[in-house]
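The values are calculated or read from the model by the stated rules, or taken from the named source; none is laboratory data. As the structure is a computational prediction, the values presented were derived from the model and not from experiment. Please note: Cβ atoms are built from the backbone with ideal geometry, for glycine as well, and neighbour counts cover all protein chains shown. For the accessible areas, the whole protein counts, side chains as well, though only heavy atoms, and no ligand, DNA or RNA atoms are used. Shrake-Rupley method; radii C 1.70, N 1.55, O 1.52, S 1.80 Å.
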Amino acid sequence: MAEEFHGYAAFDKEGILKPYSYTPKPLGDEDIEVEISHCGICGSDLHTIRSGWFPTIYPAIVGHEIVGKVLKKGSKVTDFNIGDRVGIGCQVYSCGKCDECNVGYNQLCSKMVFTYNDVWKDAEGVPTQYQAHGGYADKIRAHSDSVFHIPKEISSAEACPLLCAGLTTFLPLKHHKVGPGNKVGIVGIGGLGHLAIQWAAKMGAEVTAISQSDKKRDEAIKLGATHFMNASDPNDVKKFTHSLDIILTTSGDSNTDWTKYMNLIKNRGTLVLIGLPDAPIPIPAFAFMRFIKVEGTLTGGSQDMKDMLEFAVKHNIRPLIQKVPMKDVNEGVKMVLNGKARYRIVLEN
Amino acid sequence: MAEKFHGYAAFNKEGILKPYSYTPKPLDDEDIEVEITHCGICGTDLHTIRSPRGLTTYPIIVGHEIVGKVSKKGSKVNNFNIGDRVGIGYQVYSCGKCDECTAGYNQLCPKRVFTINDKWKDAEGVQYQAHGGYADKIRAHSNSVFHIPKEISSAEACPLLCAGLTTFVPLKRHKVGPGKKVGILGIGGLGHLAIQWAAKMGAEVIAISQSDKKRDEANKFGATNFLNASDPNDVEKFTRSLDIIFSTSNGSNTDWNKYIGLIKNHGTLFLLGVPDVPIPIPAFAFLRFIKVEGSLTGGSQDMRDMLEFAVKHNVRPLIQTTPMKDVNEGIKMMHNGKAKYRVVLEN
């Protein structure tokens, strides 16, 4: 009988997760099999469960903030040993050879396989019958290029959110060489924002945390923000007008008042969109006349992941997490949906 | 009696221009007075006349592609002589001292005065309306006045001062040149200049239009390839092939998804035409690290660089001239999309 992995899958848009078993891809020469001990719950998981971005391939086991131990490895894997504590993020395969991989953008590799809601391809790039399933499960297989050693200083549960939320927020700050003298705004103090504030502060920037109310003021300052801006207070908005070099928005959709945020940015500044809405983003055209650039981002490459983990160790950056047993996954999902997570939920096997 | 300048003004959104006289700002030490011989009609003029966002102060004389002769100058102006052939673009004043001016972005100077629909302020706070080039004369600060090279005719110089500058500066900033694949979306007043600049800078230029009608013309301007955006095969052929697209489209009906699909990962969508409405950017573009940018005309040094480049590489707009007194006819030609590609008024 074929080997099976066991997890919790969504079977339709209603998004109630139920036990589900599947046949994993065969272990290739360069693959690693991980026995999952922890998996974070990310906003993308919720989107995927509900087919918010694309139609989802059901049943789908989501989860791409995975930590566990190496259980098996292919014959050509030399940089990992059985029992090593490792992590897997949003992707389980990149070719390592194409133009994108060569410039460090493994996440744009045309042969890339996402950790879930994707299908493994064979050597010629033809889709196989093996669906890629994520970390709300007991085991997972991934190419060793997409598996990362977790530094001993970081606990397994705390490592999880770093693998997606951490990487996603770290990368644009790194690309933009944020540091002393830069004024950085972080919109939204949640799963992504509470990490973005920490990175930017430890990089030496002057950080303005931007929220829709005063509730998270103290917490934002504790995370390292220099200033706090209540976006519902017109005086606050006025005070920060044209003052920021770069804004990272971790929240926002087609109903967001983008004009308000654009007005906070200096001439020639940048708006980086991190949280990705389902609908097109209506960018006020007049912002462009001040030479403001609008950009996005997508997770990070393999080297970015290593850099991020190293920075987290060096500067003692950790996510704030709450742990939930894997079997109570539906409870964990509900906490994230209701915005009650402070700030990331991690499932434990 | 106070001195008066005479032009053609819009008095309301209906946009019929009628003769109108106004008292100009006093000629200051560093100012220049220009006797206007030519003025181009720009899309922004039409926009301002009709005031879709309710921001226009009537009566208003528009026109910001102005060429003429220096008729008076302030006591501190020494780089211009009476009789010199000069041009004025979208701006009649910048301070020349602030961070923006110093960085070459005179158009972002907080003290700037636009050529049209703006106000001059003197030291006492007395305000004079800034009126444009559909007129006999204009005054401007000498920092915003430019010598027109002898190789360029006055009529042809006009569109360079706004359309030319607006298209030249972002191409230059993005270091368009050999090895770059550049898409120019829209072959009109802006696009026909953008194609020429990009081609002369050495880039591979893909002219993008909604039909096949302008194929030959685009190639004549220097385009290497032509993409008919209504032909799915053409769209497919150019998928993810361009480093940067300069869009001159200002339509809210634009299918941005289609054009973003033509851009490589890490590429740029550059908006030259600025729509009145927010631009719905499909969020997925941002996952491929595509940037969206825009611009606003250019600074004083940019203007000189542009004119120099136009002389060196023989870049000229295609124009039709119309007598100034027939200004309403000229505007109608622009409105109906019949201008090939810019209309220039002649005094």
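In this structure, is residue B:101 touching a His at 6+ places or on another chain (Cβ under 7 Å), touching a residue at least 24 places away in the same chain (Cβ under 8 Å) and not in a loop (DSSP other than H, G, I, E, B)?
no
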- Give just the number: which of (1) among the small types (Gly, Ala, Ser); (2) more than 30 Å from residue B:79 (Cβ to Cβ); (3) away from chain A (no Cβ under 14 Å) does residue B:300 not satisfy? (2)
- State which residue is farthest from the chain's Cα centre (by Cα) when the search covers only region B:251-291 and only residues that are more than 9 Å from chain A (Cβ to nearest Cβ) and among the hydroxyl-bearing types (Ser, Thr, Tyr). B:259
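Kindly check whether there is at least one residue in region A:173-182 that is under 16 Å from the mean Cα position of the chain (by Cα) and either at pLDDT 95 or above or β-branched (Val, Ile, Thr) (or both).
Looking for residues that are under 16 Å from the mean Cα position of the chain (by Cα) and either at pLDDT 95 or above or β-branched (Val, Ile, Thr) (or both), one finds at least one in region A:173-182, hence yes.
Pick out, from region A:207-315, the helices (runs of 4 or more DSSP H) lying fully within it that include 3 or more residues that are within 14 Å of chain B (Cβ to nearest Cβ).
Fully inside region A:207-315 and qualifying: A:258-262.
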- Could you pull out every one of the strands (runs of 3 or more DSSP E) wholly within region B:218-286 that has 3 or more residues that are open to solvent by 20 Å² or more (accessible area, probe 1.4 Å)? B:263-271
- When restricted to A:57, A:82, A:16, the only residue without any contact (Cβ under 8 Å) to a residue 60 or more places away in the chain and surrounded by fewer than 20 Cβ atoms within 10 Å (Cβ to Cβ) is A:82
- Message: So if I check each of A:73, A:25, A:69, which one is open to solvent by 20 Å² or more (accessible area, probe 1.4 Å) and within 24 Å of residue A:344 (Cβ to Cβ)?
- Response: A:69
- Exactly one of (1) in contact (Cβ under 8 Å) with a residue 60 or more places away in the chain; (2) within 10 Å of chain A (Cβ to nearest Cβ); (3) of a type in the set (Val, Ile, Thr) is unmet by residue B:244. Its number? (2)
- Task: Could you please give the count of residues in region A:105-151 that are surrounded by fewer than 17 Cβ atoms within 10 Å (Cβ to Cβ), in contact (Cβ under 8 Å) with a residue 24 or more places away in the chain and over 21 Å from residue A:2 (Cβ atoms)?
- Result: 2
- Select, from B:71, B:75, the only residue that is among the polar types (S, T, N, Q), open to solvent by 20 Å² or more (accessible area, probe 1.4 Å) and touching a strand residue (DSSP E or B) at 6+ places or on another chain (Cβ under 8 Å). B:71
- Task: Mind listing whichever residues of region B:82-126 are small (Gly, Ala, Ser), within 20 Å of the chain's Cα centre (by Cα) and within 14 Å of chain A (Cβ to nearest Cβ)?
- Result: B:94, B:104
- residue B:18, sole failed condition from (1) free of Cβ contacts under 8 Å to residues at least 12 places away in the same chain; (2) more than 23 Å from residue B:162 (Cα to Cα); (3) open to solvent by less than 50 Å² (accessible area, probe 1.4 Å): (3)
- Query: Do we find a residue being among the β-branched types (Val, Ile, Thr), in contact (Cβ under 8 Å) with a residue 60 or more places away in the chain, under 16 Å from residue B:169 (Cβ atoms) and open to solvent by 10 Å² or more (accessible area, probe 1.4 Å) anywhere in region B:299-312?
  - Reply: no
- Residue set B:106, B:117; condition surrounded by 22 or more Cβ atoms within 10 Å (Cβ to Cβ) and on the phi > 0 side of the Ramachandran plot; output residue B:117
- Message: Would you confirm, using the coordinates I've provided, whether residue A:232 is open to solvent by 10 Å² or more (accessible area, probe 1.4 Å) and either of a type in the set (Phe, Trp, Tyr) or over 21 Å from residue A:90 (Cβ atoms) (or both)?
- Response: yes
- Message: Suppose we keep only residues that are in contact with a His (Cβ under 7 Å, 6 or more places away or on another chain) and part of a strand (DSSP E or B) within region A:89-104. Which one would you say is most open to solvent (accessible area, probe 1.4 Å)?
- Response: A:93
- Any idea which of B:312, B:338 is closer than 22 Å to residue B:220 by Cα, at pLDDT below 95 and not acidic (Asp, Glu)? B:338
- Message: If a residue counts only when it is charged (D, E, K, R) and assigned by TED's automatic domain parsing to the domain that holds residue B:98, which strands (runs of 3 or more DSSP E) contained entirely in region B:128-202 have at least 1 such residues?
- Response: B:137-141
- In region A:1-53, what residues are assigned to a loop (DSSP other than H, G, I, E, B) and in contact with a Gly (Cβ under 7 Å, 6 or more places away or on another chain)? A:27, A:28, A:29, A:30, A:50
- Query: Is it true that some residue in region A:314-330 is closer than 15 Å to residue A:165 by Cβ, open to solvent by 30 Å² or more (accessible area, probe 1.4 Å) and out of contact with any strand residue (DSSP E or B) (no Cβ under 6 Å at 6 or more places or on another chain)?
  - Reply: yes
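Confirm whether residue B:84 is within 19 Å of residue B:128 (Cα to Cα) and open to solvent by 20 Å² or more (accessible area, probe 1.4 Å).
No; evaluated as a whole, the condition is false for this residue.
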